[in-house]
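A.B. asks: Shown below is the structure under consideration.
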Amino acid sequence: MTVPAMKPATLPVLLIEDEPAVMAYVRAVLERSGYQVVCIESGVEALHLLASGEFLGVVSDMRTPGGVDGGDVHAWIAEHRPELASRLVFITGDIANEETVATLRKTGAPCVEKPFRVKQFISVIEKTIGKAS
């Protein structure tokens, strides 16, 4: 008797975004492209989830409430979950900010500027995180 091959469960993408409208939009774009998504509103909450959960990748706003921003999330991931460090994509509406530019240089993570086109965003996601299975 042969046992059918079990398809591995697809890991979700962790989305860190504090603006409800942006979160809903990005979640819908990712889900329509076949990704499972876990949404969280702050970097602090994200670190709790990252400490115990498994994720395909992370999409994070650069600026999040609670004292832990996108750069802090990347630094934590680089130290505690290095396998995820290359699978993080930043989204921001603040690309001209010096602090944002410095964080992007330091992390080397790709960044998609809000507002963005769906094709542009998904292209960056697929290159960074991989295609949804």
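The values are calculated or read from the model by the stated rules, or taken from the named source; none is laboratory data. As the structure is a computational prediction, the values presented were derived from the model and not from experiment. Positions of Cβ are generated from backbone atoms using ideal geometry, with glycine treated the same way; all protein chains shown enter the neighbour counts. Accessible surface is based on the protein model in full, side chains and every heavy atom, while ligands, DNA and RNA are left aside. Shrake-Rupley method; radii C 1.70, N 1.55, O 1.52, S 1.80 Å.
A.B. asks: Rounded to whole Hz and in sequence order, give me ³J(HN,Hα) for the range 75-91 from the Karplus expression 6.51 cos²θ - 1.76 cosθ + 1.60, θ = phi - 60°, writing x for Gly and Pro.
C.D. replies: Those phi angles translate into 4, 5, 4, 4, 7, 9, 9, x, 5, 8, 4, 8, 10, 10, 10, 8, 10 Hz.
A.B. asks: Tell me, what is the per residue accessible area of the chain in Å², probe radius 1.4 Å?
C.D. replies: Spelled out: the 1.4 Å probe surface of the chain, per residue, equals 55 Å².
A.B. asks: Sticking with this structure for a sec: Under a 5 Å amide H to amide H cut-off, with H placed in plane at 1.01 Å, what residues pair with LEU88 once short-range neighbours are removed?
C.D. replies: The answer is VAL58.
A.B. asks: Shifting gears a bit: What list of ³J(HN,Hα) couplings, whole Hz, do you get for the range 16-31 from phi and the Karplus terms 6.51, -1.76, 1.60, once you set θ to phi - 60° and write x for glycine and proline?
C.D. replies: With the stated coefficients, the range 16-31 comes to 10, 7, 8, 8, x, 5, 5, 4, 4, 5, 5, 4, 4, 4, 5, 5 Hz.
A.B. asks: When only C-alpha pairs under 8 Å and at least 6 residues apart count, what is the relative contact order of the chain, in percent? Don't jump to the answer; show the numbers that get you there.
C.D. replies: Details: 201 pairs, mean separation 30.1, N = 133.
After rounding, I find 23 percent.
A.B. asks: If you don't mind, there's one more thing I want to ask. What is the set of long-range amide H partners of ARG63 at a cut-off below 5 Å, with H atoms built 1.01 Å from backbone N?
C.D. replies: So ARG63 has HN proximity to GLY70.
A.B. asks: So what is the relative contact order of the range 27-105, in percent, for Cα pairs below 8 Å that sit 6 or more residues apart?
C.D. replies: Values: 75 pairs, mean separation 21.5, N = 79.
That works out to 27 percent.
A.B. asks: Moving on. Only helical DSSP H runs with n ≥ 4 go in: add -39500 (n - 2.57) per run for the chain, normalise by residue count and round the 222 nm mean residue ellipticity to 500 deg cm²/dmol. Intermediate values should be presented prior to the final figure.
C.D. replies: On the way: 6 runs with 59 residues, N = 133.
Counting only the DSSP helices, I get -13000 deg cm²/dmol.
A.B. asks: What aspartates and glutamates does LYS127 reach when the alpha-carbon gap must be under 20 Å and sequence neighbours fewer than 8 apart in one chain are set aside?
C.D. replies: List returned: GLU31, GLU54, ASP61, GLU83, GLU113.
A.B. asks: Would you please give the FRET efficiency between SER52 and ASN97, computed as 1/(1 + (r/R0)^6) with r the Cβ-Cβ distance and R0 = 22 Å, to the nearest 0.05? Walk me through the numbers on the way to the answer.
C.D. replies: Details: r = 32 Å, r/R0 = 1.44.
E between SER52 and ASN97, to the nearest 0.05, is 0.10.
A.B. asks: A further question follows. If you take every residue apart from ARG81 with its C-beta less than 10 Å away from the C-beta of ARG81, what net charge results, scoring Lys and Arg +1 and Asp and Glu -1? Walk me through the numbers on the way to the answer.
C.D. replies: Working: positive: ARG87; negative: GLU54, GLU79, GLU83.
Charge balance in the 10 Å sphere: -2.
A.B. asks: Read through the labelled values [x] 162; [y] 116; [z] 97 and report the label of the one computed as volume of the Cα convex hull per residue in Å³ from the structure.
C.D. replies: Answer by label: [y].
A.B. asks: Between the helical axis of 98-107 and the dominant principal axis of the chain, each derived from Cα atoms, what acute angle in degrees is found, rounded to the nearest 10?
C.D. replies: Helix 98-107 and the main axis of the chain meet at about 40 degrees.
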